[in-house]
Amino acid sequence: MGLISKKYVEEDVILAIWEITEDYDTLISELNLIEEDLKRVESFKNYQRKTEWLSVRTLLKETLGKECRIVYGPERKPYLADNSYNISISHSKNLTAVLLSKTKRVGLDLEFMDEKIKRIADKFLRQEELEEIVPEKEIYHLYLHWCAKEALYKINDKEDINFVTNLFIEPFHPKKEGKLAGFVDNSFMHERFTLQFFNMKNYAIVWCVKN
């Protein structure tokens, strides 16, 4: 299937999504990986992990029209080796997505939705957040909260953030697409963020940017 969506979601911010239908050999044939990256992808024991890793780089190449190597900081935050864009990456089941900007910090998360999230909701939501969940859209609403907190976690470099104590999502209605607000309150900041969300193929997708 390959690239299923690529668009500027706002000025200087590109969101691109890839559906993984290719096998390992097809994906790796699209890339010219350096030896270090070849060894890394071959070291993964899980086949899906390999195809996810390759799909991110194939998607990046397709989106930017060139190959860009991804490297990671101490908190496992991804960067482009040439620093041409800020990047956030997410993958779940058969979808991979990247959010890119030359001038803004970015945070993105997508998740395939299923019933299991109900069992762990109290591990990432405060009681007041749980009380705002819409019963008839419970699973989608829970996943939007989870994705929003993941996006905030990523955009703030994954440092000093506990999902319950340092992140809070304001009440919102879980429409097919829309906006929500989230707070980050930790030793580095007390700041409100606007996040955008939508639903695609039983996936919840949330992203945010910061100037």
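Taken together, the values in this text are just the output of simple stated rules run on the coordinates, not laboratory data. Note that the coordinates shown come from a computational prediction; the quantities given were computed from them, not determined experimentally. No Cβ is skipped: glycine too gets one built from the backbone with ideal geometry, and neighbour counts run over all protein chains shown.
Overview of values
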item	result
Relative contact order (%) - criterion: Cα under 8 Å, at least six apart; region: segment 122-211	27 percent
At least 24 Å along the helix axis (C-alpha) and Kyte average at least -1.0, DSSP helices within the chain	47-64, 138-155
Estimated FRET transfer efficiency (Glu42, Lys66; beta-carbon r; R0 30 Å; 0.05)	0.80
Segment 32-119: chymotrypsin sites (Phe, Trp or Tyr not before Pro) falling in loop per DSSP and having at most 16 other Cβ within 10 Å	Phe44
Label zone at Lys210, where the point sits 7 Å out along the Cα-to-Cβ direction: segment 95-127 residues whose backbone N lies under 17 Å	99-109
Relative contact order (percent, whole number), the chain, Cα cutoff 8 Å, 6+ residue spacing	17 percent
MRE, 222 nm, helices only [DSSP H, n ≥ 4, -39500 (n - 2.57), over the chain, to nearest 500]	-9000 deg cm²/dmol
Zone residues, segment 25-63, relative to Met200, backbone N less than 18 Å from point 7 Å out along Cα-to-Cβ	52-63
Flagged links, alpha-carbon separation over 31 Å, of Lys77/Lys179; Lys77/Lys201; Lys39/Lys179; Lys7/Lys123; Lys66/Lys118; Lys39/Lys210	Lys39/Lys179; Lys7/Lys123; Lys66/Lys118; Lys39/Lys210
Percentage of interatomic Cα-Cα distances in the chain larger than 22 Å	50 percent
Cα centroid separation, segment 87-114 to segment 137-190 (Å)	14 Å
Added length on full extension, which subtracts the Cα-Cα distance from 0.36 nm per residue, Lys176 to Lys118	18.9 nm
